[in-house]
Amino acid sequence: LSLFNSFTSLNKNIQVELINEADGEFENILDLLDKTSKEISNKISLIYNNISISYEELISKSNQIANYLIEKEIGSKATIALCHDRSIDLVIYILAILKTGNAFLILDLSIPQSRLDTILADVRPVTIICSPSLSEKFIDCEYNVLNTNEFKNNFSFLSSSCPFVKIEPDDTAYIIYT
């Protein structure tokens, strides 16, 4: 599931135009996405398994979760692990993590437990965001685990304004293990 692969052909044209017109105006993908969402807020940004989400919803939900993580004092310039099924929500969580100034690491639970333990020990994430169906894997884990139901239960109370976190060009965006 790729953010840019999910753009419709119309949105791809607009995306190219925005990049060409930007002339260095945007520092990062988050700035470009925010700008795009203002220009075409009601257009579809992602489609997965016949479920779609508009740019406005994508930005609003990712801002809400980013603000929730900031309220939880997760910090920035660290790594947050993600353990979630492929879905639109996964993209929302990735954007939210990036908006907090952190890097994300997607955990694959199909790998052997010893490999997963090695990855976690190596990366030492500040927290693990986990879907309810996968959270039992981390019951006895030493890391802070946030069940995604916490976000969903608090959505009505969360600000959808863009969090103010300075993202530097050399900040790590993601970590991947092969």
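The values are calculated or read from the model by the stated rules, or taken from the named source; none is laboratory data. Note that this is a predicted model, so its numbers are computed, not measured. No Cβ is skipped: glycine too gets one built from the backbone with ideal geometry, and neighbour counts run over all protein chains shown. Ligands, DNA and RNA are stripped out before the accessible areas are found, and what is left, the full protein with its side chains, is counted by its heavy atoms. Shrake-Rupley method; radii C 1.70, N 1.55, O 1.52, S 1.80 Å.
Miscellaneous remarks
- Region 130-155: number of residues that are more than 17 Å from Asp89 (Cα to Cα) and either of a type in the set (Ser, Thr, Tyr) or touching a residue at least 40 places away in the same chain (Cβ under 8 Å) (or both): 3
- If you go through region 118-135 and keep only what is at pLDDT below 90 and exposed (fewer than 13 other Cβ atoms within 10 Å of the Cβ), you end up with Pro132, Ser133.
- At least 3 residues being open to solvent by 20 Å² or more (accessible area, probe 1.4 Å) and more than 22 Å from Ile175 (Cα to Cα) is the threshold, and among the strands (runs of 3 or more DSSP E) wholly inside region 33-99 those reaching it are 44-48.
- Test: residue in region 136-143 that is part of a strand (DSSP E or B) and either open to solvent by less than 40 Å² (accessible area, probe 1.4 Å) or under 23 Å from Asn49 (Cβ atoms) (or both): no
- One residue from Asp89, Asp117, Asp85, Asp108 being over 27 Å from Lys38 (Cβ atoms), in contact (Cβ under 8 Å) with a residue 12 or more places away in the chain and of a type in the set (Asp, Glu): Asp85
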